[in-house]
Structures are given as C-alpha cells and as structure tokens.
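Trainee: Quick one: the structure is below, questions incoming.
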Amino acid sequence: MIDEMYIRGVQVNYYFVCKTKLWLFSHNVGMENESDAVKLGKLIHRSVFDRDEKEIRIGPIAIDAVRKGDVVEIREVKKSRAFEKASYYQLLYYLYYLSKLGIRAVGKLSYPKQRKNVEVILDESSAREMESVLDDIPRVVNGEMPRPVYKKHCRKCAYFEFCFT
Amino acid sequence: MRRKNFYIVSDGKLKRKENTIYFENEEGRRPIPISAIYAIYALGSLTVTSKALSYLAKEGVCVHFFNRYGFYEGSFYPRESLVSGEVVVRQAEHYLDRDKRLYLAKAFVEGSIMNMARVLRKNGEDDTEVISALQALSEAEKIDEVMGAEAIARNAYYSKFDTILKNMKFERRSRQPPENEANAMISFGNSLLYSAVLSEIYHTQLHPAISFLHEPLERRFSLALDIAELFKPVIVDRLVFNLVNRKVVTESDFDDRFNGVLLNENGRKKFVKAFNERLEKTVKHRKLKRNVSYQRLIRLECYKLVKHILNAEKYRPFVMWW
C-alpha cells in the first residue's frame, strides 16, 4: 500500500481547493511566489513553532510539527480558516499515512493568528473517505488539465492571471 | 516590494557585498537591494563580478547586455527555477507537428497585423492595406507564406510612417546600420523589447529557444522574437512617434559618425527612461478586471501559450483593445 502511494499532502489539499491547481502543481507548472499572502504563510510557519521539531519528512509527506506525549500529535499550521475542509483532509491524510506505517497519532489544525486549534481524528469512516479521495487524485492528475472555473477565492490565487487571462 | 527593471547606461562595475548589489564607478557607489531588481539592462561598458552574477542567478535576475552602439549582445539567463518537462516536451510537439506550428505562427502574425492596424488608426491613418494582408495570411500553408503575409502588412504599415512622424524622416525600414534617426530608435527599441520579452519567458515554464514563427535553429532565444512581434507596434513604434513628435528626442541625441545613425548616450538615456515608463504603464484588463502593466501583458501572453500547449485553451493573440 505505502509503496504505491506517493501522494503529497499538498496535493490532497489542492484536491479540495481546486482541481486545476492540483493538476498544474502535479505537472510542475508552478508560479513564482510574488504574492504577499504566500510570504505571510511562510513567515507564520517559520516563526510560530520554533520550540517544536518541525518539517518531519516521511516519504511523500512533510509534517509540520510533532510532539510526543503519550500519543504522537501532528500539527498542520494554516494562515486562515478559509480552506478548512482542504486543511482537514490534508491532516487526515497524514494520520492515514502514519496509520499505514503502524503509527497511531492525533492531529491538530492550528490557526495561530486566530489562536484556534481543531482536533482531527482518524476513524473507520474517515479512513474510508480518505481512500476514495486517494483513488480519485491520480485520475485528476493523469487526465487533461481541468479547465479553470472561476470561484471567489480565485482572485487571491497565484494562478489567477494564468487561469483567467 | 515590486521588483523593477534597472537600466545601467554609464560605465562601471557591478559587485556584491553581503546581500546587496552595488553599482560603482568614478562618481561613487550606488546600492541596489536584490529584492528590488527584476532585470538588469546593461547599456554601458559593464564589469560584473562572479559573486554578483551568482547572487543574481540565485534570485532569478536576467542581465541583458548591449554594446556601446546600443545593439543587443546577449543575456545572462540564470538556471531556471520553473521547469516542467511536460511543458517543454509539448512545446516541442507544437513545433514538430506541421499544423500545430502553422496555427501558432499564424496567430502571432495575425496579432501583429491587428496591432499594426490599431496603431495606424490611433494615429488617424488608414489601415485598409494593412488589414488586407490578413487574406494572404489565411491562405498561407507554409511558414514562408506566413512570413510573406507579415511582410506585406509591414510594408503597408511602414509606408504611413512619414505622415505620422512630424520632425523626422523615416523613408524605409533600414537596420544594421539604421540609415536615419527614426530607424535608429526603432532598432534600439526592438532590442530592448526583445530583452523584456525574454525576461518574461524566464519566469514561466516555456523554453526560450523553441519557437513557431521564427526558426528555433537560430542561435538566439527565438521564442522571444515570436512574442515580440505582437508588441513591437504597441510598445516600440508608438513610443518612437511620441518621442519624435513631442520633440523629446531630437537630432542632437544621435551620432552619425559611424556607418549609419545611432542614438548617442544622452539619446539612449532618454529613450530607455521613456521605454521603461511604457512597460510600467497600466491598462485595465478586460478579463482579469484589474490593472496590468504593459510588461505584465507580455507575461500573460506567455501564460496563454502554456495553456495552449497544455491543451487547456486555444491560443488567441494579444490585440490592443484600447
């Protein structure tokens, strides 16, 4: 299972944000980060979790922060709650991936700017949901580039000009 | 901070000290913070240290070199950070496939013709002859014929220049060397534009040497030549009309000691300043519904090409809408 699964966390995230973005990112058509939003995200990421170990890489996943109490806790740090569903599944994917390696963990979505944390737990039904998402991602990526569809959040996206010119 | 183009007209040296690039000469030392540089145009005699170059490369800054006559010499095109094998392979496919290549070559010429016509109309001139070249274009079945249609349009277009230009003679298009002042300005403007287009290509996944209208077999970054065709009338020619008719650039800004006529240092300074103002000038984009600079319009053209070769949206050339 693990061998076949080489899906990155951010791809799971983009799957819920925008299929076009998922496709472009997966085909290395990236945009240079010229936006202040991206810079702010990176800055928060760097400055908030100084005390913890961070950016642990296991295969295709990079976990934001790990803390060992009696359970492993992994955290995903986000700038805002705008894409909560996408962040939820991204974190759920990490939990799912770790569970396949035999590691039980709980997740916490962190919004430092809002001083807010959300618990994420992997159970049987959420694991099944995750599996169907993981089946669908390669289908999107291996197909033709999905036509951009305008949504409200597009104007803030780095791909905005690319998609809509 | 928005990155800017830097034009270095005087002679001197570019070096790096810590995280700043310095330009220095007898007149002193001027710091240029790296995060403020988008691209550098070296028009004087410039010495660059390898430390400065490697720092510029790391930050993805292109440096374009011109000789002391203002002719384009070459570019420092740093290793790319945006690389997509898929885009390059598909771009090559659009060159190798005869019909696909013809489609893009025609699109560039169509846009170029439409823009020439726009410029004529904006200057109160008749554009029927230029527009009629579209007929030859639509019948073209080979790249030569596409080029031929472009030449027909361009001749008709240039034939109006002497009525548009108030204080200078144009007569005919001449280059290497330009025979008169107007031609000297057009040549210089075109090489600045070529460099500006190249900088935009650098910031995308497009390969600069795979082109469709021009032959990629040329040594140059020929994709920049293709895209520049669309913008020459809009950016360069309009700028030349403007500078000449408002008497910003006059005969004293040229030098004819050589085997032709060229802008002198003072003339180049004036031209470069006005050229950059053009690049930074904004227009309201109809689809994006936001203001974009002329320079950004070039980038958008690159994005449209990427989408075309990825089969996401058929490429339609930029035509001035204002």
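No lab work stands behind these numbers, since they all come straight from the coordinates. As the structure is a computational prediction, the values presented were derived from the model and not from experiment. Note: ideal-geometry Cβ built from the backbone for every residue, glycine included; neighbour counts use all protein chains shown.
Trainee: Can you compute the radius of gyration and Dmax for chain B, using only the Cα atoms, both in Å?
Mentor: 19.8, 59
Trainee: Among A:Trp23, B:Trp321, which comes first, then next, by fewest other beta-carbon atoms within 10 Å?
Mentor: By the 10 Å Cβ count, ascending: B:Trp321, A:Trp23.
Trainee: Next question, about the same structure. So what is the diffusion coefficient of the protein assembly as shown in µm² per second by Stokes-Einstein at 20 °C and 1.002 mPa s, using a Kirkwood Rh over Cα pairs?
Mentor: 84 µm²/s
Trainee: Now, a different point. For the range B:215-282, treating each Cα as an identical point scatterer without solvent, what Debye log10 I(q)/I(0) comes out at q = 0.16 1/Å?
Mentor: -0.71
Trainee: Out of all Cα-Cα pairs in the range A:56-145, roughly what percent, to the nearest whole number, are more than 24 Å apart? Working shown, then result.
Mentor: Numbers: 891 of 4005 pairs.
Beyond 24 Å sits 22 percent of the P(r) for the range A:56-145.
Trainee: Kirkwood Rh and Cα-based Rg: tell me the resulting Rg over Rh for the range B:1-150, rounded to two decimals. Spell out each step's value before the answer.
Mentor: On the way: Rg = 21.6 Å, Rh = 19.1 Å.
Reported Rg/Rh (Cα atoms, Kirkwood Rh): 1.13.
Trainee: Let me ask something additional. Let me know the Rg and Dmax you get for the range B:141-221 when you use only its Cα atoms, in Å.
Mentor: Rg then Dmax for the range B:141-221, in Å: 15.5, 44.
Trainee: Quick one: Cα centre-to-centre distance for the range B:32-108 and the range B:139-201, in angstrom?
Mentor: Between the Cα centre of the range B:32-108 and that of the range B:139-201, the gap is 22 Å.
Trainee: When a footprinting reagent is the concern and you count Cβ atoms within 10 Å, what order do B:Met116, B:Met320 take, fewest first?
Mentor: Numbers: B:Met116 26, B:Met320 18.
Fewest-to-most Cβ neighbours within 10 Å comes out as B:Met320, B:Met116.
Trainee: May I pose another question? Sort B:Ile143, A:Ile61, B:Ile298 by Cβ crowding within 10 Å, fewest neighbours at the top.
Mentor: Listed from fewest to most nearby Cβ atoms, that is B:Ile143, A:Ile61, B:Ile298.
Trainee: Once label points are set 7 Å from the Cα along Cα→Cβ at both A:Arg155 and B:Thr250, what is their separation, rounded to one decimal in nm?
Mentor: 4.8 nm
Trainee: Tell me the mean residue ellipticity at 222 nm calculated for chain B from its helices only (DSSP H runs of n ≥ 4, each -39500 (n - 2.57), averaged over every residue, nearest 500).
Mentor: -15000 deg cm²/dmol
Trainee: Dividing the convex hull volume of the Cα atoms of the range B:180-228 by its residue count, what figure in Å³ per residue is obtained? Each step should come with its number before you reach the end.
Mentor: Working: hull volume 3.5 nm³, N = 49.
Taking the convex hull of the Cα positions in the range B:180-228, it is 72 Å³ per residue.
Trainee: So how strong a dipole does the range B:85-310 carry about its Cα centre when Lys and Arg Cβ are +1 and Asp and Glu Cβ are -1, to the nearest 20 debye? Show your work: numbers first, answer last.
Mentor: Details: 38 positive and 32 negative charges, 241 e Å.
Computed charge dipole of the range B:85-310: roughly 1160 debye.
Trainee: In terms of Cα to Cα distance under 22 Å, which lysines are near enough to B:Lys273, apart from those fewer than 8 places away along the same chain?
Mentor: Straight-line reach from B:Lys273, under 22 Å: B:Lys4, B:Lys13, B:Lys166, B:Lys232, B:Lys247, B:Lys281.
Trainee: Let me ask something else about it. Roughly what would the spin-label model give for B:Glu141 and B:Glu24, points 7 Å off Cα along C-beta, in nm?
Mentor: 6.6 nm
Trainee: Quick one: what Rg and Dmax do you get for the range B:173-322 from the alpha carbons, in Å?
Mentor: Over the range B:173-322's Cα set, Rg and Dmax evaluate to 16.6, 53 Å.
Trainee: Checking the a/c ratio against 1.5 first, then a/b against b/c, what shape does the Cα gyration tensor give for the range B:4-76?
Mentor: In terms of gyration-tensor shape, oblate.
Trainee: Once each part is reduced to its C-alpha centroid, what is the distance from the range A:102-159 to the range B:243-321 in angstrom?
Mentor: 42 Å
Trainee: For chain B, with a Gaussian network of springs between Cα atoms less than 10 Å apart, report the residue from B:Ala105, B:Ala39, B:Ala151 with the top mean-square fluctuation.
Mentor: B:Ala151
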